[in-house]
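This report concerns only the one structure given below.
Derivation of every value follows stated rules applied to the coordinates shown; laboratory data play no part. The model shown is predicted, which means the values in this text are computed figures rather than measured ones. Cβ sites come from the backbone with ideal geometry, for glycine too, and all protein chains shown count toward neighbours.
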Amino acid sequence: MANVSVVDNLPPLPDYTFRPLPPLLPWLSDQHLSLALPVIAYWVVSLIFHLIDEWDLFPQYRLHTPAEVLKRNHVSRWHVFRDVVLQQVIQTIFGLTLAYVEPQTMFGKEDYDVAVWAQRIRLAQRAVPAVLAMLGLDAVGIAKGLVGSHATFASILLGGVYPDATQTILQAGVPTTAPAFAVWELQLAKAVYYVGVPFLQFIFAICVVDTWQYFLHRAMHMNKWLYVQFHSRHHRLYVPYAYGALYNHPVEGFCLDTLGTGIAYLLSGMTCRQSMWFFTMSTIKTVDDHCGYCFPWDPLQHLTSNNAGYHDVHHQSWGIKTNFSQPFFTFWDGLLGTKWTGGDVSARYERAKIAAQKKVDDESKPPTITGTSTPTSASDASKASEQASTSRQQVLSDSQNGGPTVLAEEASEEITATQTLSEQVPSTPQSVRRSMRKRATSSGLKGLADRFGESLHGRRSGVLGVENGSR
Ligand SMILES: [Zn+2]
Ligand SMILES: [Zn+2]
């Protein structure tokens, strides 16, 4: 029996006692675990994508060929690895500092909090008769007819009257009968407390991260000094791969990623254990956005339209001034008109592939990327060419990272690619792709994987998850 008091004829709230929450792992505090998990997830997921890359398991879903990774990037894998580790060290030190000042996590108030929600549910029911009266319905009359068959429903119609739901409590030390919650009220309150509120906290935190990253990221592209000093480093990767996701200047890594997710965590009021999910999922999403593949079966690439294909456009010399949104949604790009509007990007991708292919003696022929549409209007087409031109201007002015060379190479590549495409494409892209596939699936593991992929997914289509520019 709890020693509580009844207020306003509501079921009373139970007592609670705070106790220190034992950590999930006996040898590591939850705060430290929440710092370790994103780093572990980053490297585990990156390793999976790296092995897919190395063993060439799913060539049909590649956004770029291995030749492009080799020839078009302006930074070695070692430098990428080193800078990512540096960023993770900074992020962990920052987290450790915060964990040091953060109070010990306590628990024991859950039943009380659930009861608070149950009280709100009870209070909300009190409005039911008045609302029904506004609709011209007699709640009491309807309820009388339902008492025998649907007692709970009748109780709700009467404004949350549960004569049979009682409990014995100690009121000022004297056992007293007090109202109690109905079973459904407690179940609904638990669902709100354990599922509804955390879900809203996640959505809110995701929106905070997206907003924070969009505006900082966009500022890094709009301000030449910021771009050259900090953000151009990330754009040395014209062909992103999974563990390049956090390849940033340390200042940018701290400001965009560490602060962005940290602020979202604080503003959303998440618990430490919720933050484990949030930090880890944000990390995995960022890795996935840079993985270099458009997998039809990767749920992260279908939850929102911001996926590997979408972000890959931002890594191209012609799309660098578009698709700033990361890592979850694309609404800021949509609202502020920075979404890539050029529609079909397959020719641009094909050009880069052919050129890189020429540079290395790679016998595997990559498939043609399809699945995007053409610009739908003259205004889209002109906006697209303006987007591509301002994007190229940014690359050009970044001489430190070989910008002019990139564009010069692309210009000559374009001539070769246009010739090749005009020989290939006329109106039978399917047959061309099939013949390319035949050559690519000659033997071995790669051939097996190709056939496996084909049988699983049928004909390839829509590999590149870039949205139509018509919106
Ligand atoms: Zn960028
Ligand atoms: Zn990126």
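Things to note:
- Counting other Cβ atoms within 10 Å as a rough exposure proxy, the listed residues V395, V89 run V89, V395 from fewest neighbours to most.
- Cα gyration tensor shape for segment 109-183, rounded if a/c is under 1.5, else prolate or oblate: prolate
- Rounded, prolate or oblate (a/c below 1.5 giving rounded, otherwise prolate when a/b exceeds b/c) for segment 62-220 by Cα gyration tensor: prolate
- Exposure proxy order (Cβ contacts within 10 Å, fewest to most) of V161, V287, V114, V44: V44, V161, V114, V287
- Take 235-245, 275-285 and order them by the average number of nearby Cβ atoms within 10 Å per residue, most first; the result is 235-245, 275-285.
- Full-extension gain in nm, I142 to L266, via 0.36 nm per residue minus C-alpha separation: 39.9 nm
- Under 5 Å, built H, 5+ apart or other chain: amide partners of Q167: A178, A180
- Label separation (L51 vs K359): 3.0 nm, computed from points 7 Å beyond Cα along the C-beta direction.
- Whole-Hz couplings from phi, Karplus 6.51/-1.76/1.60, listed for segment 140-149; x for Gly and Pro: 5, x, 5, 4, 4, x, 9, 3, x, 8
- Pairs beyond 28 Å (Cα-Cα), from K339/K359; K71/K285; K224/K359: K339/K359; K224/K359
- Residue order, fewest to most beta carbons within 10 Å, for T304, T152, T17, T341: T17, T152, T304, T341
- Whether segment 158-259 is rounded, prolate or oblate, judged on the alpha carbon gyration tensor where a/c under 1.5 counts as rounded: prolate
- Distance between modelled label sites at Y112 and V89, nm, 7 Å Cα→Cβ extension: 4.4
- Backbone N within segment 155-169 under 20 Å of label point (7 Å from V131 Cα along the Cβ vector): 155-162
- Distance (nanometres) between label positions extended 7 Å along Cα→Cβ at T211 and L96: 3.3
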